[in-house]
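Worksheet for the structure shown next.
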Amino acid sequence: MRAVFIPLPSMIISEPPAAEPLTDTFRYINGMDDVALQQVCRDAGAKISHADTLKAYVFRHGVTDWQSMHELPQTLKSHLQAHISVLTAEVTALQQSDDGTHKLLLKMPDGKEVESVLIPGAGRLTQCISTQIGCAIGCEFCLTATAGLTRNLSCAEMISEVMAARQFTRSPVRNIVLMGMGEPLHNYDEVAKFIRLVTDPKGMAFSPRRVTLSTAGLVPQIYRMMEDGLDCSLAVSLNASNDETRSRIMPINRKYSMHALLEALRAYVDKHGRKRVLIEYVMLAGVNDQTHHAKELIQALDGIASTVNLLPFNAFPGSPWQRPSDACVTAFRTELSKAGFVAVVRESRGRDISAACGQLKTEVIHRRKITG
Ligand code: SF4
């Protein structure tokens with residue numbers, strides 16, 4: 001069955017309004033950078049050199065009980081006890097897939113819930129982090145989009161997602177992907193802080209190339225990443241080979257065209273030399289899955305060092321879109337490979353638990369309504 005396009009309102013999407021995160025830099029240690037940690041030491045009347053030790057306890061070793069931080073002076077421990085908290089996300093629902101994928105529903109201090117997904121790979125675990133509660137970007141194929149944006153997540157809340165995963169699993173998380181609920185670049189300041197904290201060699205010490213930020217294409221913020229020297233891998237959710245199709249399925253394209261987005265990616269690749277951009281391409285039957293689309297995509301990506309992830313659509317209840325046939329997916333990938341692209345078909349992990357972002361939260365809300 002071919003998908004039918006429903007014309008969208010003629011308005012050009014404006015930049016979504018910013019939603020304030022629940023943030024309190026001087027309350028939650030999870031969101032504290034070096035400056036804030038040193039201030040805590042000063043406030044406690046302790047040497048600022050203890051800031052690195054405190055950071056190692058919390059971010060590297062996951063210690064959250066102040067009194068068991070034996071290398072810190074008692075004055076600092078008492079100050080921490082009295083004034084500083086560790087933001088802990090409570091696991092309120094859990095799903096496990098046959099393929100080992102775990103999906104956690106995490107409750108934040110204001111009662112709002114977000115999803116975080118743990119995906120096993122060859123000897124490594126990847127965590128998919130949410131950056132917002134809901135999302136304002138409105139991609140037509142995304143369940144999270146249907147609920148709109150509630151608010152941004154603070155850096156402390158995103159770090160609490162990583163800490164919750166550590167408690168949940170004994171296997172170390174090797175990769176972080178900012179591909180959960182929300183558009184990371186719509187929450188730029190908190191996400192940039194999060195990336196700096198998780199890649200801090202004295203803290204969580206993730207390699208920057210193992211931290212991937214995925215954006216729907218907020219062009220000015222991609223340039224801002226370059227200006228700020230934000231060190232991570234970049235993925236772009238492109239999903240179309242031309243402006244017409246992209247604008248139909250991703251309203252953000254009416255604000256920042258494919259041309260502008262691809263120019264930003266060329267500038268990004270030029271600036272970063274050997275870095276490749278990951279192009280994500282959700283394949284929707286009859287919409288963007290034909291070989292002529294592949295040929296168009298090859299032209300569009302000319303000059304951009306990239307790897308293409310082909311993601312056959314993971315249908316959710318009520319979705320108007322269909323998964324493409326295996327033959328279409330293979331033909332599409334072959335076309336890209338012939339042109340010299342590294343193109344990989346990625347099956348959605350955890351398909352039996354509906355692992356597309358937003359689905360666990362939607363199901364739990366639905367169940368709660370039924371059970372009262
Ligand atoms: S795909 Fe990502 S950016 Fe698009 S609506 Fe969903 S969460 Fe937002």
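Laboratory data are not the source of any read-out in this text; all were calculated from the coordinates shown. This structure is a prediction, so every number in the text was calculated from the model and none was measured. Glycine gets a Cβ as well: all are built from the backbone with ideal geometry, and neighbour counts include every protein chain shown.
Quick one: what does P(r) look like for region 219-332 with 10 Å bins over all Cα pairs, in whole %?
That works out to 13, 44, 31, 11, 0, in percent per bin.
Against the empirical 2.2 N^0.38 Å scaling, what ratio does the C-alpha Rg of region 112-165 come to? Intermediate results must be reported in sequence, preceding the final value.
Working: Rg = 12.7 Å, N = 54, 2.2 N^0.38 = 10.0 Å.
Normalised Cα radius of gyration, region 112-165: 1.26.
As a footprinting exposure proxy, order ILE159, ILE304 by other Cβ within 10 Å, with the fewest listed first.
Details: ILE159 28, ILE304 17.
So the residues, fewest neighbours to most, are ILE304, ILE159.
Please give the FRET efficiency for SER49 paired with ASP302, using the beta carbon to beta carbon distance and R0 = 56 Å, rounded to the nearest 0.05. Intermediate values should be presented prior to the final figure.
Details: r = 52 Å, r/R0 = 0.93.
Here the calculated transfer efficiency is 0.60.
Just the ratio, please: alpha-carbon radius of gyration of region 134-239 over 2.2 N^0.38 Å, N its number of residues. Don't skip to the answer; put the middle values down first.
Working: Rg = 13.9 Å, N = 106, 2.2 N^0.38 = 12.9 Å.
Here the Cα radius of gyration is 1.07 times the empirical estimate.
Relative to the first principal axis of the alpha-carbon coordinates of the chain, what is the inclination of helix 291-300, with its axis defined by its Cα atoms, in degrees from 0 to 90 and to the nearest 10?
60 degrees
Under the Kirkwood approximation applied to all pairs of distinct alpha-carbon atoms, what is the hydrodynamic radius of the chain in Å? Display every interim value, and only then the final one.
Working: mean 1/r = 0.0462 Å⁻¹.
Result for the chain stands at 21.6 Å.
Report, in listed order, any pair from LYS255/LYS275; LYS193/LYS255; LYS47/LYS112 with a Cα-Cα distance greater than 29 Å. Don't jump to the answer; show the numbers that get you there.
Numbers: LYS255/LYS275 26 Å; LYS193/LYS255 26 Å; LYS47/LYS112 37 Å.
In this structure, LYS47/LYS112 lie more than 29 Å apart at Cα.
For the chain, modelled as a GNM with alpha-carbon contacts under 10 angstrom, which of MET108, MET69, MET258 fluctuates the most?
MET69
Name the most mobile residue of ASN30, ASN242, ASN187, meaning the one with the largest mean-square fluctuation, in a Gaussian network model of the chain with Cα contacts below 10 Å.
It is ASN242.
With an 8 Å Cα cut-off and a minimum separation of 6 or more residues, compute the relative contact order for region 90-371 in percent. Walk me through the numbers before you get to the answer.
Details: 550 pairs, mean separation 47.9, N = 282.
Result for region 90-371 is 17 percent.
Work the Kirkwood hydrodynamic radius out for region 59-135: mean of 1/r over every pair of different alpha-carbon atoms, inverted, in Å. List each step's numbers first, then the result.
On the way: mean 1/r = 0.0659 Å⁻¹.
Averaging 1/r across every pair of different Cα atoms and inverting gives 15.2 Å.
Using a 10 angstrom cutoff on alpha carbons, build the Gaussian network for the chain and name the most mobile of THR330, THR199, THR88.
THR330
Would you mind checking the tilt of helix 359-371 against the longest principal axis of the Cα atoms of the chain, expressed as 0 to 90 degrees and rounded to 10?
Computed tilt is about 80 degrees.
Name the trypsin sites (Lys or Arg not before Pro) in region 40-70 that are in a loop by DSSP and that have at most 13 other C-beta atoms within 10 Å, would you? Provide the component values of the computation, followed by the final result.
On the way: sites: ARG42, LYS47, LYS55, ARG60; in loops: LYS47.
The qualifying sites are LYS47.
Kindly work out what percent of the DSSP beta bridges joining two residues of region 90-371 are antiparallel, to the nearest 5.
Working: 20 of 45 bridges.
Among the beta bridges of region 90-371, antiparallel pairing accounts for roughly 45 percent.
Can you give the calculated 222 nm mean residue ellipticity of the chain, where each DSSP H run of n ≥ 4 adds -39,500 (n - 2.57) and the sum is split over every residue, rounded to the nearest 500 deg cm²/dmol?
Working: 11 runs with 119 residues, N = 372.
Helices in the chain give a 222 nm mean residue ellipticity of -9500 deg cm²/dmol.
Quick check for me: using +1 on Lys/Arg Cβ and -1 on Asp/Glu Cβ, what's the dipole size of the chain about its Cα centre, in debye to the nearest 20? Display every interim value, and only then the final one.
Details: 41 positive and 38 negative charges, 113 e Å.
For the chain, the charge dipole is close to 540 debye.
Contour minus end-to-end for ALA56 and ASP270, with contour as 0.36 nm per residue of separation and end-to-end as the Cα-Cα distance? Mind showing how you got there, number by number?
Working: separation 214, 0.36 × 214 = 77.04 nm, distance 3.54 nm.
The span from ALA56 to ASP270 would gain 73.5 nm if fully extended.
Work out the length of the dipole vector of region 227-344 about its Cα centre, built from +1 on the beta-carbon of each Lys and Arg and -1 on the beta-carbon of each Asp and Glu, and round it to the nearest 20 debye. Could the numbers behind the result be given before it?
On the way: 13 positive and 13 negative charges, 22 e Å.
Approximately 100 debye in magnitude.
Please report how far the C-alpha centroid of region 192-208 lies from that of region 260-275, rounded to the nearest whole angstrom.
Rounded to whole Å, the Cα centres lie 23 Å apart.
If one computes P(r) from the Cα atoms of region 29-83, what percent of pairs lie at distances over 12 Å? Show your work: numbers first, answer last.
Values: 866 of 1485 pairs.
Result: 58 percent of Cα pairs exceed 12 Å.
As a footprinting exposure proxy, order SER337, SER247 by other Cβ within 10 Å, with the fewest listed first.
Working: SER337 14, SER247 19.
The fewest-first ordering by Cβ neighbours comes to SER337, SER247.
Taking the Cα centre of each part, how many Å lie between region 96-175 and region 72-91?
So the two Cα centres are separated by 25 Å.
Give me the number: length gained by fully extending GLU90 to ALA147, i.e. 0.36 nm times residue separation minus the C-alpha to C-alpha distance, one decimal in nm. Write out the running numbers ahead of the final one.
On the way: separation 57, 0.36 × 57 = 20.52 nm, distance 2.19 nm.
Gain on extension, GLU90 to ALA147, equals 18.3 nm.
For LYS77, list the aspartates and glutamates whose Cα falls under 15 Å from its own Cα; do not include residues on the same chain fewer than 8 positions away.
Qualifying aspartates and glutamates at Cα under 15 Å: ASP43, ASP52, ASP65.
Can you tell me the length gained on complete extension of the stretch THR291 to THR75, counting 0.36 nm per residue apart and subtracting the Cα distance? Before the final figure, lay out the partial values.
Values: separation 216, 0.36 × 216 = 77.76 nm, distance 6.71 nm.
In short, 71.0 nm is gained.
Where the convex hull is taken over the Cα atoms of region 227-277, what is its projected area averaged over directions, in nm²?
Seen from a random direction, the Cα hull of region 227-277 projects 3.9 nm² on average.
In what order do ARG170, ARG246, ARG333 fall by count of nearby beta-carbon atoms within 10 Å, going from fewest to most? Write out the running numbers ahead of the final one.
Details: ARG170 7, ARG246 22, ARG333 18.
So the residues, fewest neighbours to most, are ARG170, ARG333, ARG246.
Which value, in debye to the nearest 20, gives the size of the charge dipole of region 29-83 about its Cα centre, when Lys and Arg are +1 and Asp and Glu are -1 at the Cβ?
Working: 5 positive and 6 negative charges, 16 e Å.
That gives region 29-83 a dipole magnitude of about 80 debye.
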